[in-house]
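J.: Can you keep this structure in mind? I'll have questions shortly.
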């Protein structure tokens, strides 16, 4: 972490001292022979396109507005990469805080002799799309793009102040040859910055404190693409992170800006859109009425949580603040995550329950750097309560999540409890909850190897929540994903569900199906690994860039009974029990045959939730052992 101080007089005098290469952009259409001939990225050969240049220069105008000039140059390497020609520039449009101006964009194509032609984007084709109350998008499509094209565009972002300075990403899902960022800081300000990068990738870092500038550059950066069970991409992406830490006001007094977690808590609790909302007396008669019958504080908490969940809708946006106030949220019956969860905290406090707002960074948003209070690293506010020593983390945006279940998106993350006295960083785990399924299959097989059976699945805890949500979103897709697509010759006859009336009741799914076994020479091959979710090894890549984060433990139990026709003979496989070297993962498979009944017992338990990158080869190998063992077919000799 580095502190960049910017004295006013020196900044003005030395404003032009940065070198030409750092300040200036290359001319449009000026390419090297290597760029023209490039057909594959040497350090990321699977890439569909490559970023040749991503360069930004940040300075300020006389009103101390933050002015960012940016140029991006991309080479299209394959047909799949042509979609990269649809350009989207997001910006913070609320209250006109940021504007995007001076957009220029060109497509360059080259013939066999290397002669190039260019087509400019028609400015009339550039349009604005309002994404939310906070963000808008500038969108346009590059013309005449094909494999081998180079597209490049330039724009200027104008922000009202440096409060919009957040981070610079050197990396994306595409490989990048060169990414650079030059920051000129507003006078009399102090910014901290941290660099996040892999040890084997180098970075050029040039602080110029006398000029009030700092320059960063990285080269030949592979793309970071989605991997199974990965943490947030931003946790691994190469980047530099900024935050304003202090400034000198016009009277010459130094003002600190959230340099400690205590200062951040005090600042938030003083804000009209945050802490001040917790002191408001909403005088809601409905809440007073529903808690009259509560016999315990936990029952009271549940009643308030359930009532607000039923009556106040989430508008689909995250957020940390109640911009319009929680009274307005109650009146319109809708709000952002921050608004409805701050409303919940208010109502819990009013009911005499110990409750606090908590800033969280969901798993797909990114980890929190606990060494410095970067509020931008949190994406929403949720509610936190303590009753008789038991802690509850409550998020009204989570469907089918009872108060005892910690919301899945924040498992394994660090949260910040916001309170003047009890401010604290909290490490969030799943506790004693897991993804738990109990699967029971009963069926009968005829002499031709056709199985007719019924499966009953009872889903508990995280399995209950995730499966219930998926079934509510799209029942047909839910059936296909969990009961059909992974199994050859299997056809669903019927599917019924029993939506649980109480939080303590599991989500029950019942499926009737038929499955025709593969048969050769009166031998049939039965794969008994049905509906466990362990049909395939998800870890197939030879290289892993990110940790493996499952979020919660697993507990999958399958009991299967298949009545076979008289005269069927069976080659019983030996019972197997696989245990990982650290005793954190175990898979058991037992098979028995008696009175023409084939019985299978499968139990999979995984305690560990986070696997570091360096342990990935071991995990990949052990998961292959597990799936191979579970998928080992049982050989049946059908009667003549």
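J.: Would you confirm, using the coordinates I've provided, whether residue 149 is surrounded by fewer than 20 Cβ atoms within 10 Å (Cβ to Cβ) and more than 27 Å from residue 195 (Cβ to Cβ)?
T.: When the stated conditions are applied, residue 149 does not pass them.
J.: Can you tell me which of 354, 267, 339 is in the same structural domain as residue 392 (by TED's automatic domain parsing), free of Cβ contacts under 8 Å to residues at least 60 places away in the same chain and in contact with a strand residue (DSSP E or B) (Cβ under 6 Å, 6 or more places away or on another chain)?
T.: 354
Results for (1) closer than 17 Å to residue 100 by Cβ; (2) touching a helix residue (DSSP H, G or I) at 6+ places or on another chain (Cβ under 8 Å); (3) at pLDDT 95 or above, shown as yes or no for each residue.
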position: 33; (1), (2), (3): no, no, no
position: 36; (1), (2), (3): no, no, no
position: 50; (1), (2), (3): no, no, yes
position: 66; (1), (2), (3): yes, yes, no
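J.: Can you confirm whether residue 594 is over 13 Å from residue 537 (Cβ atoms) and either assigned by TED's automatic domain parsing to the domain that holds residue 569 or in contact with a helix residue (DSSP H, G or I) (Cβ under 8 Å, 6 or more places away or on another chain) (or both)?
T.: Judged against the criteria, residue 594 is a match.
J.: Moving to a separate point now. Do you know which residues across the range 105-146 are under 23 Å from residue 177 (Cα atoms) and surrounded by 15 or more Cβ atoms within 10 Å (Cβ to Cβ)?
T.: 105, 106, 107, 108, 109, 110, 142, 145 - these are the residues of the range 105-146 that are under 23 Å from residue 177 (Cα atoms) and surrounded by 15 or more Cβ atoms within 10 Å (Cβ to Cβ).
J.: Quickly run through the range 590-640 and pick out the residues that are in a strand (DSSP E or B) and buried (at least 19 other Cβ atoms within 10 Å of the Cβ).
T.: Those that are in a strand (DSSP E or B) and buried (at least 19 other Cβ atoms within 10 Å of the Cβ): 591, 598, 600, 602, 604, 606, 611, 634, 636.
J.: Return the total of residues in the range 93-141 being assigned to a strand (DSSP E or B), in contact (Cβ under 8 Å) with a residue 60 or more places away in the chain and in contact with a helix residue (DSSP H, G or I) (Cβ under 8 Å, 6 or more places away or on another chain).
T.: The number of residues fulfilling the criteria is 3.
The values are calculated or read from the model by the stated rules, or taken from the named source; none is laboratory data. Just so we're clear, the structure is a prediction, and the values are computed from it rather than from any experiment. Reconstructed Cβ throughout: ideal geometry from the backbone, glycine too, with neighbour counts over all protein chains shown.
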